[in-house]
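The values are calculated or read from the model by the stated rules, or taken from the named source; none is laboratory data. Predicted model only: the values in this text are computed from it and were never measured. Note that each Cβ is placed from the backbone with ideal geometry, even for glycine, and that neighbours are counted across all protein chains shown.
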Amino acid sequence: MADERGATEAKSPASIRLRMDPAARAALAAALAGRPSGFGVRLWVERGMRPHAQMMLDHPSVRDIPVAIDGVPMLVDEASVSFLRDAEVRYRSDVQPAGFEVVGPFLPSRLASPPAEAPREAPDVPSGPHAPAEERLRAALKNVYDPEIPMNIVDLGLLYGFAWADDGALTIRMTMTSPGCPAVDELVREVETTARNAAGAPQVKVEIVWEPPWSPERMTEFARRQFGYA
């Protein structure tokens, strides 16, 4: 799909820039205590339209990038580096059950927030009574990712606009980064489901359009920086 500049950078500990909060460090250090030498915390990302990080204790493999974070040995999956850049490993004791989470600019967040900036060529967003629903909608769609690259569809600039019918039905106009995208049907279903839950519309239809054609200029400043366009 999109040009994956920045997603294929050299795989090295310095390029990952992982962080860890004190609670996570203490919990992982305790879990590793008494383990044989060489054990570490394996960290990888299950890819897809909602990529999410996974962790487990394991022996190192040839595909790992070993990284020590505050003295905790981490075994980072080489193929997951693009999603884990600038991420933080956290331990959440305020939820049930308590556990770890990995958050970062290239991973969906549990608590979605409205986008901080709009694309340079912003889509037509109607104001008025549907504005609150559209704010929730955009926040939710920031957790839907291009299945092939670590970026959500809002920052990629794939949304072209929303249209509301008198009965509350919603039509979302969006595009793909290329006409040959193999994930069109799957992505359409994910957007429809996410929009229905976030906006409360009785009916949601996704209309795929090709005019104006997508280009990197439609991405947010954040996305353009990550892929080397700014």
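The figures follow:
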| item | result |
| --- | --- |
| Test: A7 is modelled with pLDDT under 90, touching a Leu at 6+ places or on another chain (Cβ under 9 Å), aliphatic (A, V, I, L, M) and surrounded by 15 or more Cβ atoms within 10 Å (Cβ to Cβ) | no |
| Residue count for segment 192-230, restricted to those that are over 30 Å from D167 (Cβ atoms), touching a helix residue (DSSP H, G or I) at 6+ places or on another chain (Cβ under 6 Å) and small (G, A, S) | 1 |
| Residues of segment 141-172 that turn out to be surrounded by 17 or more Cβ atoms within 10 Å (Cβ to Cβ) and either more than 19 Å from the chain's Cα centre (by Cα) or not assigned by TED's automatic domain parsing to the domain that holds F222 (or both), as a count | 5 |
| Conditions (1) modelled with pLDDT of 85 or more; (2) more than 14 Å from the chain's Cα centre (by Cα): number failed by P123 | (1) |
| Any hit, segment 188-204, residues being over 22 Å from V45 (Cα atoms) and assigned to a strand (DSSP E or B) | yes |
| Which listed residue is touching a Ser or Thr at 6+ places or on another chain (Cβ under 9 Å), assigned to a loop (DSSP other than H, G, I, E, B), at pLDDT 90 or above and among the charged types (D, E, K, R), from E211, E207 | E211 |
| Complete set of residues in segment 71-95 that are surrounded by fewer than 15 Cβ atoms within 10 Å (Cβ to Cβ) and either part of a loop (DSSP other than H, G, I, E, B) or touching a helix residue (DSSP H, G or I) at 6+ places or on another chain (Cβ under 8 Å) (or both) | G71, D86, S93, D94, V95 |
| Residue list for segment 173-189, restricted to those being under 14 Å from R138 (Cα atoms) and surrounded by fewer than 20 Cβ atoms within 10 Å (Cβ to Cβ) | R173 |
| Selection within segment 190-200 - buried (at least 20 other Cβ atoms within 10 Å of the Cβ) and at pLDDT below 85 | A199 |
| Residues (outside any loop (DSSP other than H, G, I, E, B) and in contact with a strand residue (DSSP E or B) (Cβ under 6 Å, 6 or more places away or on another chain)) located in segment 139-161 | Y145, N152, L159, Y160, G161 |
